[in-house]
Amino acid sequence: MVTMKWKIGDVEIDNQVVLAPMAGICDSAFRRIVKSMGCGLIETEMVSTRAIMHMNSKTQEMLMMTDYERPIAQQIFGSDTESFEIASKYIEENMQPDIIDINMGCPVTKVAVKSRAGSALLKDPDKASDIVETVVNAVDIPVTVKIRSGWDENNAVEMAKTIENAGASAIAIHPRTRHERYDVKADWSIIKEVKDEVSIPVIGNGDIRSCYDAKRMLDETGCDAIMIGRGIMGNPWIIRQCVEYLDYGKEPERVSSKEKLDMFKRHTELIKKDSDNPKIIAHKLRTNAAYYMKNLHGSVEIKKKIFQTETEEELFDLLENYVKTLKY
Ligand SMILES: Cc1cc2nc3c(=O)[nH]c(=O)nc-3n(C[C@H](O)[C@H](O)[C@H](O)COP(=O)(O)O)c2cc1C
């Protein structure tokens, strides 16, 4: 099997590995790390269309992207066509991403119930269709949509057809309903059902934790690309492992604790380049440190200590000393 170049609209994508949008995780620093591992398509975290209309410095920082991350899709979420139209025009003009992605999967109560955005749109195909059509007409770049398989029942095929007819250039599917949250295994057969019914590219998502899972999803569903979320947190190497395994069957190599620490140091430099807010930096460093050390021997104890550190120096002393105690 060879990873295929593919396209969304006229945007060329070099391989079939896509970074999933993850709020609070996929900032530009994280995305640059992921890109350095050869990720074919990068997604940002979601940003609210209303927040874009009432722009402040926090939203501005969230929207920051670099050319290095291209091709990149900016994800937005909202519930009314007016704010989608204004936000998507603003993003196209000012941020110039390659693609705009609409979130129709977020299960979080504040988003889905209080604001009737994210996965709530799966209950209302007409409204979802209006939103897609509005964004497609507002911008010149391709528009994609990411869905869950339904609100409380699977209506993924109906939604996918609706979204395709409204003019979207690709669809990503995370095959769990909003009701299922993360409590059940992602049902990849739904990805196949969607792939069989639409002609735009389909990106499969859910529970990919290794290059073997990636290949299995491509084989079982026929999807055009695979999207990885949680499996990348603290483990960006999974991207390169997927690309190489799909390309020429290269078996993944184990990543040492020293390599993990070095990657965390690189990641730290990028985080510090992007922000001058000490609180935000400290939070991001501790969170990412815990992800990078995850699954190493004794990491549960170290995680607690990571969150007790008060300075960057303390954090790095802790990690250096910890890694020295590990055999690999
Ligand atoms: C911390 C976190 C934040 C997420 N934020 C978003 C988001 O902003 N937009 C979105 O469409 N999905 C979001 N998701 C869902 C993921 O994109 C993905 O669909 C889900 O995690 C399943 O894929 P995985 O098993 O590879 O993690 C988020 C998931 C996590 C764990």
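Each reported figure results from applying straightforward, stated rules to the coordinates on display, with no laboratory input. Quick caveat, the model's predicted, so the values are computed rather than measured. Virtual Cβ from ideal backbone geometry, glycine too; neighbours counted across all protein chains shown.
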Completion exercise
The ³J(HN,Hα) series, computed from each phi in the range 53-66 with the Karplus coefficients 6.51, -1.76 and 1.60 at θ = phi - 60°, rounded to the nearest Hz and given as x for glycine or proline, is 5, 10, 2, 10, 5, 5, 5, 4, 5, 5, 7, 4, 9, 10
Exercise for the section: Filter the cross-link list LYS294/LYS327; LYS185/LYS284; LYS284/LYS305; LYS58/LYS258; LYS146/LYS215; LYS250/LYS284 down to pairs whose alpha-carbon distance in this structure exceeds 24 Å. Expected result: LYS185/LYS284; LYS58/LYS258; LYS250/LYS284
Problem - Cut-off 11 Å between beta-carbons: net charge of the residues surrounding GLY24, Lys and Arg +1, Asp and Glu -1 - result: -1
Problem - Proximal aspartates and glutamates relative to LYS324, as straight alpha-carbon distance under 17 Å, when same-chain residues fewer than 8 apart are discounted - result: GLU259, ASP262, GLU301, GLU313, GLU314
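Which of the GluC sites (Glu not before Pro) across the range 151-206 are loop residues per DSSP, with 12 or fewer other Cβ within 10 Å?
Counting only loop positions with at most 12 other Cβ atoms within 10 Å, the GluC sites (Glu not before Pro) in the range 151-206 are GLU153.
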Completion exercise
For ASP124 and ILE86, extending 7 Å from Cα along the Cα-Cβ vector and measuring point to point gives, in nm, a value of 1.8 nm
Practice task
Considering Cα pairs under 8 angstrom that are at least six residues apart, work out the relative contact order of the range 257-324 and quote it in whole percent.
Solution key: 37 percent
Exercise for the section: For the range 215-230, just list the computed ³J(HN,Hα) in residue order, Karplus coefficients 6.51, -1.76 and 1.60, θ = phi - 60°, integers in Hz, with x standing in for Gly and Pro. Expected result: 5, 4, 5, 4, 5, 6, 10, x, 5, 7, 7, 10, 10, 10, x, 4
Fill in the blank from the handout: Total charge of the residues flanking GLU259 in space, meaning their Cβ is under 13 Å from its Cβ, with Lys and Arg +1 and Asp and Glu -1, is +4
Handout entry: In nm, spacing of pseudo-spin labels at LYS161 and HIS297 (7 Å Cα→C-beta vector)
Key = 5.7 nm
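I need the calculated FRET efficiency for the pair GLU251 and LYS185, taking r as the beta carbon distance and R₀ as 30 Å, to the nearest 0.05. Show your work: numbers first, answer last.
Working: r = 25 Å, r/R0 = 0.84.
With R0 = 30 Å, the Cβ-Cβ based efficiency is 0.75.
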Problem - Two-site label geometry, SER199 and THR59: point separation in nm, points 7 Å out along Cα→Cβ - result: 3.8 nm
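What are the chymotrypsin sites (Phe, Trp or Tyr not before Pro) within the range 97-195 that DSSP puts in a loop, where the Cβ has at most 15 other Cβ atoms within 10 Å? Can you show the working numbers first?
Values: sites: TRP151, TYR182, TRP188; in loops: TRP151, TYR182.
Those satisfying the criteria are TYR182.
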Handout entry: Estimated 222 nm signal from helices in the chain, with DSSP H stretches of n ≥ 4 weighted -39500 (n - 2.57), rounded to 500
Key = -13500 deg cm²/dmol
